[in-house]
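The values are calculated or read from the model by the stated rules, or taken from the named source; none is laboratory data. Please read all numbers here as calculations on a predicted model, not as lab measurements. Note that we place each Cβ from the backbone using ideal geometry, even for glycine, and neighbour counts take in every protein chain shown. SASA here: full protein model, heavy atoms, side chains in, ligands and nucleic acids out. Shrake-Rupley method; radii C 1.70, N 1.55, O 1.52, S 1.80 Å.
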Amino acid sequence: MLSEFANKMQGQYTLEDLTTLETIEDILVFQTFNSQIALDLGCLIVQKSQRYPEEVAVMIKREADGVNIFQYVADSKAQRNIDFAMRKRLAVLASGHSSLWPLVHRVVTGEGELVAEALPVGGAFPIKVDGHIVATLAVSGLHKGMDFQIIVDSLREYLQVSIPDFRGQLV
């Protein structure tokens, strides 16, 4: 899956895009993370999603025990969106980075593979504390890579930090 998709995306990403993505990930980290923070963050994403013409499904899964500590599925969304979110989450767990990172990394370096079920597109992000993934945040339903954008915008706002703009193509 990653190889085929990366081949279609050749020329769409640069080393600068990869570095920017990694910088964003390095900035968007937590000092602590718990169910209350997940609720606040999840509600922020749902609130921000109302600015878009499409509705969303949002999932935050605690990785220590695999429990969903936040989940929202808009009326127009279905199990299919949860399945997409889960596949994006697999890309995070396999790479240790956002679900977009494996695609950008493969296009730029020619290296990397994922488990067959993983979906290497924007829309899932590792929640890290002390360098460890403690939860994954996944969004499904927005078009043209906006799942990634709503995640980083919400994390930036919640954490009250500045991040560089990712200028690569969002998928």
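Summary table below
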{"read-out": "13 Å beta-carbon shell around Val115, net charge (K/R +1, D/E -1)", "value": "+1"}
{"read-out": "Rounded if a/c under 1.5, otherwise prolate or oblate - the range 30-77, Cα gyration tensor axes", "value": "oblate"}
{"read-out": "Residues with amide H under 5 Å from that of Leu119, placed H, sequence gap 5 or more", "value": "Lys88, Leu90, Ala91"}
{"read-out": "Arg89 accessible area, assembled protein chains, probe 1.4 Å, Å²", "value": "30 Å²"}
{"read-out": "Nearest-ten-degree value, helix 15-27 long axis tilted from longest Cα axis of the chain", "value": "20 degrees"}
{"read-out": "Nearest-0.05 FRET efficiency for Leu159 and Leu15, computed from C-beta distance (R0 25 Å)", "value": "0.45"}
{"read-out": "Local net charge near Ile163, Cβ-Cβ under 13 Å (Lys/Arg +1, Asp/Glu -1)", "value": "-4"}
{"read-out": "Whole-number percent relative contact order across the chain, with pairs defined as alpha carbons under 8 Å at least 6 apart", "value": "30 percent"}
{"read-out": "Three-way shape label, the chain, alpha-carbon gyration tensor, a/c 1.5", "value": "rounded"}
{"read-out": "Computed magnitude of the charge dipole of the chain (debye, nearest 20; Cβ of K, R +1, Cβ of D, E -1)", "value": "320 debye"}
{"read-out": "Probe 1.4 Å, protein heavy atoms only - accessible area per residue of the chain in square angstrom", "value": "48 Å²"}
